[in-house]
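S.K.: I have a structure here, written as structure tokens, and I will follow up with some questions on it.
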Amino acid sequence: MKCTKITVTGGPSGGKTTLLESLKREFAKDITIVPEAASILYRGGFPRGKTPEARICVQTTIYHVQLNLEEFYRVSRLRPLMICDRGSLDSVAYWPSSEENFFETMGTTAQHELDRYHWVIHLDTAPMGDYDETNPIRTESFSEAVTLNQRVKEAWRNHPRRIIIPGQTDFLTKMTLATSVVDAIQRGEDTASVQKLTTSTSLAAR
């Protein structure tokens, strides 16, 4: 079976959880959702740490759990669309050293990680007034979230089919736009057509 693999990423409070729930309803039996590795680990009691050494331990674990989650769903629940709640390169944004050090530590390359995903959908962090601090796993302040949002963007900068959904768009429009992007991808539209969809919708929302 042909499977299109999409990672949904972005800064904290970007709307990933809401979008994934919407996609489950919209695409039903055609979709497999790969859950976020970090959330699984943290909810299970995996410790956090602020020192560089501790952050390396955490992100190394998240990276490997992410890869194994994706492989598990590939071999056991393959459907036409696989949507990953974050992707392997997100760990670069949280890595306390250089990108080169990350790839060396993980025994991989940037291109190898980019090639894991057919498409990347980036949801920008919500504006300050809409920033959600109710998530018990989220520890970032708004300013920290903005910084992480930019770092995640940087980590995925070389993916040829990356779609950025701006945070300034009102939330309902943001979710509708992201769902429309997934629908266009499923229908096999080319990169230019999908990019145009985001531009025209963003302009209409202003």
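S.K.: Is it true that Gly14 is in a loop (DSSP other than H, G, I, E, B) and without any contact (Cβ under 8 Å) to a residue 24 or more places away in the chain?
M.R.: Details: in a loop (DSSP other than H, G, I, E, B): yes; without any contact (Cβ under 8 Å) to a residue 24 or more places away in the chain: no.
Criteria not met by Gly14.
S.K.: Looking at Arg138, Arg79, which is the one that is crowded, with 17+ Cβ neighbours inside 10 Å, in a loop (DSSP other than H, G, I, E, B) and at pLDDT below 95?
M.R.: Selected residue: Arg79, the only one of Arg138, Arg79 that is crowded, with 17+ Cβ neighbours inside 10 Å, in a loop (DSSP other than H, G, I, E, B) and at pLDDT below 95.
S.K.: State the number of residues belonging to the range 118-132 that are in contact (Cβ under 8 Å) with a residue 60 or more places away in the chain, part of a loop (DSSP other than H, G, I, E, B) and not aliphatic (A, V, I, L, M).
M.R.: Number of matching residues: 5.
S.K.: Assuming Pro96 fulfils every condition listed in (1) of a type outside the set (Phe, Trp, Tyr); (2) modelled with pLDDT under 95; (3) not in a helix (DSSP H, G or I) apart from one, which condition is it?
M.R.: (2)
S.K.: For the range 85-114, which residues satisfy the criterion of being touching a Pro at 6+ places or on another chain (Cβ under 9 Å) and within 21 Å of Lys2 (Cα to Cα)?
M.R.: Once the filter is applied, which keeps residues that are touching a Pro at 6+ places or on another chain (Cβ under 9 Å) and within 21 Å of Lys2 (Cα to Cα), the range 85-114 yields Asp85, Leu114.
S.K.: On the basis of being within 14 Å of Asn158 (Cα to Cα), of a type outside the set (Ser, Thr, Tyr) and out of contact with any Asp or Glu (no Cβ under 7 Å at 6 or more places or on another chain), does Arg77 make the cut?
M.R.: So Arg77 does not fit the description; no.
S.K.: Being assigned to a helix (DSSP H, G or I), out of contact with any Asp or Glu (no Cβ under 9 Å at 6 or more places or on another chain), among the aliphatic types (A, V, I, L, M) and surrounded by 15 or more Cβ atoms within 10 Å (Cβ to Cβ) is the filter here, so list the residues in the range 17-41 that pass it.
M.R.: Leu19, Leu23, Ile40, Leu41
S.K.: Can you tell me how many residues within the range 45-62 are in a helix (DSSP H, G or I) and either surrounded by 12 or more Cβ atoms within 10 Å (Cβ to Cβ) or aromatic (Phe, Trp, Tyr) (or both)?
M.R.: 9
The values are calculated or read from the model by the stated rules, or taken from the named source; none is laboratory data. Bear in mind that the values here come from a model prediction, so they are computed numbers and not experimental data. Every residue, glycine as well, gets a Cβ built from its backbone with ideal geometry; the counts of neighbours run over all protein chains shown.
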